[in-house]
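The values are calculated or read from the model by the stated rules, or taken from the named source; none is laboratory data. What you see is a predicted model; the values in this text were computed from it and never measured. So basically every Cβ, Gly included, is an ideal-geometry build from the backbone, and we count neighbours across all protein chains shown. Surface areas here come from the heavy atoms of the whole protein model, side chains and all, with no ligands, DNA or RNA. Shrake-Rupley method; radii C 1.70, N 1.55, O 1.52, S 1.80 Å.
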There are 2 protein chains.
Amino acid sequence: MLADVAREAGVDPSTASRVLRGTVARVSPETRKRIEEAAQRLAYHANATARALRLARTEAIGMVVPQLDNPVFSTTIGGAQRAAEEAGYALLIVHQEPGASTADLARRLDASRRVDGWLIAAADEDAALRDALATLAVPYVVLNRQMQGVPFCAALDNAAAARMAVEHLLSLGHRRIGHLAGRLQGYNGMGRLLGYQQALQAAGLATHPELVAEAGYTVGGGAEGMRRLLPARPTAIFAATLVAAAGALRSLHEAGWGVPHDISLIAMHDGPVAELVHPPLTTVRMPTSRMGQVATEALIALIEGRGAERPAILAPEGLILRASTAPWTGND
Amino acid sequence: MLADVAREAGVDPSTASRVLRGTVARVSPETRKRIEEAAQRLAYHANATARALRLARTEAIGMVVPQLDNPVFSTTIGGAQRAAEEAGYALLIVHQEPGASTADLARRLDASRRVDGWLIAAADEDAALRDALATLAVPYVVLNRQMQGVPFCAALDNAAAARMAVEHLLSLGHRRIGHLAGRLQGYNGMGRLLGYQQALQAAGLATHPELVAEAGYTVGGGAEGMRRLLPARPTAIFAATLVAAAGALRSLHEAGWGVPHDISLIAMHDGPVAELVHPPLTTVRMPTSRMGQVATEALIALIEGRGAERPAILAPEGLILRASTAPWTGND
DNA sequence: CCGATTTGAACAATCGTTTGTTCACGAGAG
DNA sequence: CTCTCGTGAACAAACGATTGTTCAAATCGG
């Protein structure tokens, strides 16, 4: 307690507070020294609750995350945590249960005023979420997706990443390139499909509907989607996610197609899984950690009244070449 | 604000507080109704900070987690979150950066008094951690490991899980069973090795040092460990973790050993990865969610002064049979 | 040497709740 | 009709920190 420090130093708590907080004030060097030593001796740390009440800010920010085990989010959290710490904020993570609505969660959490702002790494993206966000008492930013009418959002440049992946396949000589898409309703899935189509068109290739299958974000979906693509005899596949790619590997194996001998496979989002499967997957590495960082910095700027920036769309970091892609040598 | 509700209802804030908190008090039905309606109308929620200051408890518990993307921890978090919510506590997760010391982190976080207790899912287990925990101002419990001299800990019964895995391999007719161990210094790694040895001894089999390799918790470690085991020509492997098993699959593939045709593979800890690799892995499912739950319940009991229970050692939930194990038919 | 000014530090209010205590009023007992 | 008691609700003091204001002593100029 501050009062203990003050008593120990023989001063008023207000004086102790000014010294310890570094507030500009007229305090003699001796008094300052006595207070600092007393604080040291008593291992004083200001009670965050009392500070929060008096200052009307908690110096903490909350982050709502679905799927903590998704490497996209765990690296994003890393970036967010560093940025928060840098600015003197604590980052408190709240796990969104699979069934729970982000809208409800945000509203419920907001009511208690435990944090100064929210990082929303939303899985869903419905009108209910937008409404709920609009009623929040504190600033917020949205991660991992663009959203109209929010103060700030940080998203990945899915189209650029998809183009990078497809261009890599093109450079290896592939011409019949399939796409295992994510959810085509979703922001990320849609952007990746778009980039895939852009890359093909830029190369003067037609897009064939039978070369695209919606796979979602599960192993089963990837396996099923890959089975649907097989009849179109692609020589390479761009998968929208690692997990779908792992599912694709299973189907390819069952069908007796060798990777990368018979077909190349590239996936978006690098992560540990890329090295767990056989063959290890070539991927496009995305700046997920940086996404967490810029979102957090923007949120803190909002909290501290330094205004909003424009949405950040983060370019891919580059290709991670592994064993799942190879030049196309066959006659197609 | 409570004062707004009170004004709206034409009563004193103290009366409004008593009604809204459900405190036993002498309040006329009409007054009660007016207050409740006013609170409803103003969408009143008590300010958690002010409550925390007055009550000297935050009604939140913190959880320190290394490796958020590890399925062991994400499911543990799920269990902890449900238990916390059940008891009216918020669960705030803090991510421990790979380099950071749990001891420092715990001390630093504790100083701010933001939570009523800590769930420590420690990765390291040194004396420094024990010392740091001993100085915490609030109760704490340790997860995922046993530890002497702490108020409570919840751990997995690694030996029982290892026995279950090995007994499965024995029942399939395997006699030369190898073990890809975790860190042999660590609590979990040691327990698994012990169970492996117990199961072999119970079956009247000798334990051969050349059938055990320390693999750690990485793909590379698993691959390397598996390579070291190959000369001993095991017919089955019990891997201490999924990730090590994935590494083992790589080495086996490179050596031209078919799974499960030439060698069976079973791993501890079920998780999404088990289905991503080829072949899908037979695993021992562990009660990680329940571990989170019991740890949280015990912590809340400590917080609320209901005394400590004895450490919980949680038995495995069972085998998940997939394609990586098969009866041994060869002549060994 | 005295009044004006600066300096150093205490005083006191406040943040939003909760809760022990006081108080006014009406009803019941004698 | 008065005294006592019970009821319903207001009053007021905390919780621990921060910060505007006040105040006494020291310093300075003339």
Conditions (1) away from chain B (no Cβ under 11 Å); (2) modelled with pLDDT of 95 or more: number failed by A:G88: (2)
Selected residue (criterion: nearest to the chain's Cα centre (by Cα)) from residues of segment A:14-48 that are within 9 Å of DNA strand D (Cβ to nearest atom) and within 14 Å of chain B (Cβ to nearest Cβ): A:A48
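Each row is one residue, and each column tells you yes or no for (1) over 25 Å from B:L211 (Cβ atoms); (2) open to solvent by 40 Å² or more (accessible area, probe 1.4 Å); (3) of a type outside the set (S, T, Y).
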residue: B:M268; (1), (2), (3): no, no, yes
residue: B:P272; (1), (2), (3): yes, yes, yes
residue: B:E275; (1), (2), (3): yes, yes, yes
residue: B:V294; (1), (2), (3): yes, no, yes
residue: B:A301; (1), (2), (3): yes, no, yes
residue: B:E317; (1), (2), (3): yes, yes, yes
residue: B:R322; (1), (2), (3): no, yes, yes
Residue among A:A199, A:A203 that is more than 17 Å from A:A244 (Cβ to Cβ), more than 19 Å from the chain's Cα centre (by Cα) and surrounded by fewer than 19 Cβ atoms within 10 Å (Cβ to Cβ): A:A203
First in segment A:307-329 and farther than 16 Å from A:R285 by Cβ and among the acidic types (D, E), second anywhere and modelled with pLDDT of 95 or more and open to solvent by less than 70 Å² (accessible area, probe 1.4 Å), Cβ under 6 Å, 6 or more apart: A:E309/A:A298
Matching residues, segment B:77-89, being of a type outside the set (F, W, Y) and farther than 14 Å from A:E97 by Cβ: B:A87, B:G88
Sole residue being surrounded by fewer than 17 Cβ atoms within 10 Å (Cβ to Cβ), over 19 Å from B:Q146 (Cβ atoms) and not hydrophobic (A, V, I, L, M, F, W, C), chosen from B:H179, B:H168, B:H208, B:H174: B:H208
In segment B:71-82, residue farthest from the other protein chains (Cβ to nearest Cβ) [restricted to those that are closer than 24 Å to B:R51 by Cα and open to solvent by 10 Å² or more (accessible area, probe 1.4 Å)]: B:R82
Positions within segment A:1-13 being surrounded by 12 or more Cβ atoms within 10 Å (Cβ to Cβ) and within 10 Å of DNA strand D (Cβ to nearest atom), in sequence order: A:M1, A:L2, A:D4, A:V5, A:A6, A:D12, A:P13
Where B:A255 falls short, out of the listed (1) at pLDDT below 95; (2) open to solvent by 10 Å² or more (accessible area, probe 1.4 Å); (3) aliphatic (A, V, I, L, M): (1)
Count of segment B:99-109 residues which are at the interface with chain A (Cβ under 9 Å from one of its Cβ atoms) and within 18 Å of the chain's Cα centre (by Cα): 0
Residue that is farthest from DNA strand C (Cβ to nearest atom) [pool: residues in segment A:29-66 that are open to solvent by 80 Å² or more (accessible area, probe 1.4 Å) and in a loop (DSSP other than H, G, I, E, B)]: A:H45
